[in-house]
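In what follows, a single structure is set out as C-alpha cells and then discussed.
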Amino acid sequence: MQNKYQHNSQTFPLRGDKRGAPPSLIYLIGFMGCGKSTLGRHLAKALGWKFIDLDDHFENKFRTTVPLFFKEFGERGFRDAERAALLDMENEEKAVVAAGGGTPCFFDNMDFMNRTGITIYMQVSPEELARRLSEARVVRPLVQGKTGEELLAYIREKLAEREPFYNKAKIIADASKLNLDGYLRILEGIRDF
C-alpha cells in the first residue's frame, strides 16, 4: 500500500455504450471490516445516489438472513444465491453497492462488477482489519471466538486467497488513509459526474 490509491483503468465503456458514458454504479469491495457499508452510505448521500448493501438485498430477496441461508444451504448454495442477488444490480442506476467480502471471489462476479460499474477495492492491512474486527460492536460469525493471534492468522490466510480477485478492481484505495472527500476526489478524477 504505497500510494493512497491505484487506478487500474482509464476508460469505462459499460453496458454496451460505445461512447464510454460514465457508469452509474459504484461497487465497494474488500475484506469484512474495511468500511464498505459505512463509506457506501456516506458516498451515496454525497452523490445523491441510493445505497445498496448486497447482504441486505440478499436477505430481502430470499426472505432470510445470510447466516441462516448459509447454515441451511451451505457455502455453494449461498454463493449461487449471492450471484443471483448481484446480477440484480445490473438493473440499478445511480447506486453505491457494498458487496460482501467474498462476493468478488466466485464465478465471474468481479468481471461482472467491472463491466457494469466502477469497482473500488478498499484495501486495509491485516493488522488494521484485526483491530477493527476485535473492537466491532457486532461480532461477525466467521471471526467469533478467535483470539487476537487466531484472528490475524485467519485474516492473512483469507486475504491471500481473495486479493487476486480484489486486485482486479478499477481503483485500489488505502481505506485506512482515505476519508469521504478522498474517495470523491478519486471518482471526480476518473469520470464526469
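The values are calculated or read from the model by the stated rules, or taken from the named source; none is laboratory data. All of these numbers come straight from a predicted model, not from anything done at the bench. Note: ideal-geometry Cβ built from the backbone for every residue, glycine included; neighbour counts use all protein chains shown.
Quick one: count up the residues across the stretch 89-125 that are within 19 Å of Arg140 (Cβ to Cβ) and in a helix (DSSP H, G or I).
Residues that pass the stated criteria total 3.
Mind listing whichever residues of the stretch 126-172 are in a helix (DSSP H, G or I) and under 17 Å from Ala98 (Cβ atoms)?
Just the residues of the stretch 126-172 that are in a helix (DSSP H, G or I), to begin with: 126-135, 148-166.
If the condition is that a residue be in a helix (DSSP H, G or I) and under 17 Å from Ala98 (Cβ atoms), then Leu129, Arg132, Leu133, Arg162, Phe165, Tyr166 are the ones that fit.
Within the stretch 29-57, take every residue that is among the hydrophobic types (A, V, I, L, M, F, W, C) and either within 20 Å of Glu163 (Cβ to Cβ) or without any contact (Cβ under 8 Å) to a residue 40 or more places away in the chain (or both) and give me the one that is surrounded by the most Cβ atoms within 10 Å (Cβ to Cβ).
Going through the stretch 29-57, the residues among the hydrophobic types (A, V, I, L, M, F, W, C) turn out to be 29, 31-32, 34, 39, 43-44, 46-47, 49, 51-52, 54.
Within this subset, residues satisfying the condition of being either within 20 Å of Glu163 (Cβ to Cβ) or without any contact (Cβ under 8 Å) to a residue 40 or more places away in the chain (or both) are 29, 31-32, 34, 39, 54.
On the way: Ile29: 30, Phe31: 23, Met32: 18, Cys34: 25, Leu39: 23, Leu54: 24.
By that ranking, first place goes to Ile29.
Take the stretch 84-100 and flag every residue that is small (Gly, Ala, Ser) and buried (at least 20 other Cβ atoms within 10 Å of the Cβ).
Step one: filter the stretch 84-100 for residues small (Gly, Ala, Ser), giving 84-85, 95, 98-100.
Answer for the stretch 84-100, where residues must be small (Gly, Ala, Ser) and buried (at least 20 other Cβ atoms within 10 Å of the Cβ): Ala85, Ala98, Ala99, Gly100.
Can Glu92 be described as of a type outside the set (A, V, I, L, M, F, W, C) and closer than 24 Å to Thr64 by Cα?
Numbers: of a type outside the set (A, V, I, L, M, F, W, C): yes; closer than 24 Å to Thr64 by Cα: yes.
Taking the combined requirement at face value, the residue satisfies it.
When only residues in the stretch 119-165 that are polar (S, T, N, Q) and under 23 Å from Gly182 (Cβ atoms) count, which is surrounded by the fewest Cβ atoms within 10 Å (Cβ to Cβ)? Quick ask: steps written out before the conclusion?
Pass one, the stretch 119-165, residues polar (S, T, N, Q): 119, 123, 125, 134, 144, 147.
Narrowing further to those that are under 23 Å from Gly182 (Cβ atoms): 119, 123, 125.
Numbers: Thr119: 27, Gln123: 25, Ser125: 15.
For the stretch 119-165, the residue satisfying everything is Ser125.
Those residues that are more than 9 Å from the chain's Cα centre (by Cα), in contact (Cβ under 8 Å) with a residue 12 or more places away in the chain and over 20 Å from Trp49 (Cα atoms), I need them from the stretch 91-110; list them, please. Don't jump to the end; show me each part of the working.
Of all residues in the stretch 91-110, those more than 9 Å from the chain's Cα centre (by Cα) come to 91-96, 105-110.
Restricting the remaining residues to those that are in contact (Cβ under 8 Å) with a residue 12 or more places away in the chain gives 92-96, 105-107, 109-110.
Of everything in the stretch 91-110, those that are more than 9 Å from the chain's Cα centre (by Cα), in contact (Cβ under 8 Å) with a residue 12 or more places away in the chain and over 20 Å from Trp49 (Cα atoms) turn out to be Cys105, Phe106, Phe107, Asn109, Met110.
I need the full set of residues from the stretch 150-165 which are in contact with a Phe, Trp or Tyr (Cβ under 9 Å, 6 or more places away or on another chain) and not aliphatic (A, V, I, L, M), in order please. Quick ask: steps written out before the conclusion?
At the first step, the residues of the stretch 150-165 found to be in contact with a Phe, Trp or Tyr (Cβ under 9 Å, 6 or more places away or on another chain) are 155, 158-159, 162-163, 165.
Hits for the stretch 150-165 are Lys158, Arg162, Glu163, Phe165.
Would you say Leu187 is touching a residue at least 60 places away in the same chain (Cβ under 8 Å) and not in a helix (DSSP H, G or I)? Talk me through it step by step, then tell me what you get.
Values: touching a residue at least 60 places away in the same chain (Cβ under 8 Å): yes; not in a helix (DSSP H, G or I): no.
For Leu187, the condition - touching a residue at least 60 places away in the same chain (Cβ under 8 Å) and not in a helix (DSSP H, G or I) - is not met.
Quick one: would you say Ala153 is of a type in the set (Gly, Ala, Ser), at pLDDT 95 or above and over 19 Å from the mean Cα position of the chain (by Cα)?
On the way: of a type in the set (Gly, Ala, Ser): yes; at pLDDT 95 or above: yes; over 19 Å from the mean Cα position of the chain (by Cα): yes.
Yes: the conditions hold for Ala153.
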